[in-house]
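The values are calculated or read from the model by the stated rules, or taken from the named source; none is laboratory data. Since the model is a prediction, treat every value here as computed from it, not as a measurement. We place every Cβ from the backbone using ideal geometry, glycine too, and count neighbours over all the protein chains shown. The area values use the complete protein model at the heavy-atom level, side chains included, leaving out ligands, DNA and RNA. Shrake-Rupley method; radii C 1.70, N 1.55, O 1.52, S 1.80 Å.
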Amino acid sequence: MKKKEKDEQLAMHLPGLLQYHQVMLTDPVRNKLLFEAISSNVNDETRFLDIGAGTGVWAIIAAKLGAQRVVAVEVEEALIPIIYKHAQENGVADKIEIIHGNSNDVKIRGKFDVIVSELFGSDAFGPATVQSFVDVRKRFLAPNGVLIPQKLAMYVVPAEIERPTFGFPAELPITFDFLGSLRLNYFQNLDLAARSGVRFLAEPRVILELDFASVVAPPLTTKPTVSWELDNLAQVNAFVVFSQSVFTNAITMDSFDSQSWGANAYQFQPFAASAGVVEFQMTMDGPKSIWSVSLPSHPEMSPRSYAPMFAPARIRMVQQTTPHRKFRPRPAPKTLESSSAKTRD
């Protein structure tokens, strides 16, 4: 790729990258808890490794806390000079070794007493993520070393969402139930502002859990299932899924409270039922993911299942029976140059 093309690609990539890290850096919940976890484990004898260093904030903190050795590893090339400039700003550029590469590929001498790594991406419990943590632990963690975070758990809770994100203003004389039924096949990301409109109807329960100090393989995620007994099943119109990071034994963070990490709403059409048991089941396989809601206490009511692949299947099915006219695109007009060339021939 030519330099001009690289510059253009970077110009297009940079705004999203900067916005993402701005969100991370301005998250008071996550950053205060991570600072507390790091500062309680770093002293002048600590060898500190930051995997997925981002803008370099935690490597810089460790260096300012006096760590004996600090290494920052980052796969995003555009962030490498940002880490360096931030280290310069904070007077610790000579105390941080910066490495550009994926954690699975890099070679680093020695072991580390504290390793900070949030390699979660979009599939925190998937094989690639788990394998990366196992590799980091085996190759880089010193005996009795500390991993931050130590554990990650996925929680689920039945909820009532006051303003479903697929809804339409109720005062207008029109309905869009078909569109809403399609949208139900895709979970909705709840940003921090939207979470104020969510009411938990029971205590959250763990559906999956990882202990990074001991995990050797991804957790079994075939059909994790949780259930609750509720007084009013008709109130439930969503299940909210969020994670909890255990930074140290005494310091934990729920992603529902943090703007950095997401919380997702799996919405569904509520059941017309009063008291009873509601059950949530899911398989996590990217576009093939399926989740279902059932009422074991009301066997006469059929379970409701949703999946990303259901929506296009319904669209195709309805399209075959929709009366409509279709016009094919017109051929592109011939250019003056091509017409002249044809005349000369």
Exposed GluC sites (Glu not before Pro) being those in a DSSP loop with at most 13 other Cβ atoms within 10 Å, the longest stretch of the chain free of them is 172-299
For a label point 7 angstrom out from the Cα of A202 toward its Cβ, which stretches of the range 261-291 have the backbone nitrogen within less than 13 Å? 275-281
Length-normalised contact order for the chain - Cα pairs under 8 Å, 6+ apart - percent: 14 percent
Please give me the summed charge of the neighbours of A275: other residues whose Cβ is under 11 Å from its Cβ, Lys and Arg +1, Asp and Glu -1. -2
Accessible area per residue in Å² at 1.4 Å probe, computed on the chain: 58 Å²
Compute the orientation-averaged projected area for the range 1-113 from the convex hull of its Cα atoms and round it to one decimal in nm². 8.0 nm²
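Longest span of the chain, sites excluded, free of trypsin sites (Lys or Arg not before Pro) in DSSP loop with at most 15 other C-beta atoms within 10 Å? Each step should come with its number before you reach the end.
Details: sites that count: K2, K107, R109, K111, R325, K326, K334.
Between exposed loop sites, the widest span is 112-324.
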Points 7 angstrom from Cα along the Cβ direction at A272 and T252: gap in nanometres? 4.0 nm
With contacts defined as alpha carbon pairs under 8 Å and 6 or more residues apart, what's the relative contact order of the range 251-305 in percent? 24 percent
Nearest-5 percent of antiparallel DSSP beta bridges in the chain? 70 percent
On full extension of the chain, what length is gained from F327 through E279, given 0.36 nm per residue of separation minus the C-alpha to C-alpha distance? 12.6 nm
Cα centroid separation, the range 62-101 to the range 270-311 (Å): 47 Å
Roughly what would the spin-label model give for N43 and K3, points 7 Å off Cα along C-beta, in nm? 5.1 nm
With a cut-off of 8 Å between alpha carbons and a minimum separation of six or more residues, what is the relative contact order of the range 1-142 in percent? 21 percent
Per the 1.4 Å probe, what fraction of the accessible area of the chain, in percent, lies on carbon and sulfur atoms? 54 percent
Taking R0 as 51 Å, what's the FRET efficiency between A311 and K111 from their Cβ-Cβ distance, rounded to 0.05? 0.55
Which of the following values of Cα extents along the principal axes in Å was calculated from the structure shown: [x] 70, 45, 38; [y] 66, 48, 37; [z] 83, 72, 38? [z]
So what's the net charge close to A37: Lys and Arg +1, Asp and Glu -1, counting the other residues with Cβ under 14 Å from its Cβ? -1
Cross-chain or 8 or more residues apart, Cα under 22 Å: how many lysine pairs in the range 38-159 fit that? Count them up, please. 10
I'd like to know which of A11, V206, F242 lies farthest towards the positive end of the charge dipole of the chain, counting +1 on Cβ of Lys and Arg and -1 on Cβ of Asp and Glu. A11
